[in-house]
Amino acid sequence: MTSETSTASEGAATDAATLEAPNPGEAMARVHAILEFDHCSHWLGITPIEASDGHAVIEMTLRKEMLNGFGIAQGGMLFTFADVAFAMACNEPEGADDHYTVAQGADVNFLKPGRPGSPLRATATRRVQQGRSGLYDITVTQQNQRGEDEVLLEFRGRSRTITGAPPIVR
């Protein structure tokens with residue numbers, strides 16, 4: 001494991017044109033290996049901002065098809081967004097061939113509705129790691145109309161590390 005931080009600005013052009021390329025995962029994988037074949041993250045339009053051992057920051061803008069009947073973020077979209085940051089924080093940015101870490105469970109608290117058009121930011125941080133089990137906190141924020149960050153969701157994830165090569169669908 002490494003304590004170095006990978007960021008989108010360090011050699012990973014993650015602007016919209018790059019991420020809409022035939023394989024957006026190639027650019028995303030420069031920040032975190034898990035994103036290369038994360039087709040859900042590609043569809044969501046997630047932009048990785050930074051990743052290091054036990055920490056990740058990502059952004060995403062809510063699109064029309066991500067909203068519920070009230071015109072606000074569908075809860076499952078917010079959960080999935082937080083879960084991507086969780087997965088990044090649980091796994092080494094450069095990847096590993098002999099193990100991978102997955103969600104064992106999660107609790108989520110929805111605090112405010114997400115609005116379309118304004119970017120969301122998820123910040124994931126490892127709280128504790130004991131053996132193959134870990135505990136992570138993920139906060140999803142969005143700027144309000146005054147430019148202040150508001151917390152939309154708090155996510156507490158429990159992880160489990162599995163021995164063996166990770167299954168990959170290309």
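Summary of values
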read-out	value
Among (1) among the basic types (K, R); (2) surrounded by fewer than 15 Cβ atoms within 10 Å (Cβ to Cβ); (3) at pLDDT 95 or above - the single one R126 does not satisfy	(2)
Search result, residues across region 72-103 that are open to solvent by 50 Å² or more (accessible area, probe 1.4 Å), outside any loop (DSSP other than H, G, I, E, B) and more than 17 Å from H32 (Cα to Cα)	F79, A103
Of the criteria (1) of a type outside the set (S, T, Y); (2) crowded, with 17+ Cβ neighbours inside 10 Å; (3) under 16 Å from the mean Cα position of the chain (by Cα), which one A106 fails	(2)
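The values are calculated or read from the model by the stated rules, or taken from the named source; none is laboratory data. What you see is a predicted model; the values in this text were computed from it and never measured. As a convention, Cβ positions derive from the backbone with ideal geometry for all residues, glycine included, and neighbour counts pool all protein chains shown. The area values use the complete protein model at the heavy-atom level, side chains included, leaving out ligands, DNA and RNA. Shrake-Rupley method; radii C 1.70, N 1.55, O 1.52, S 1.80 Å.
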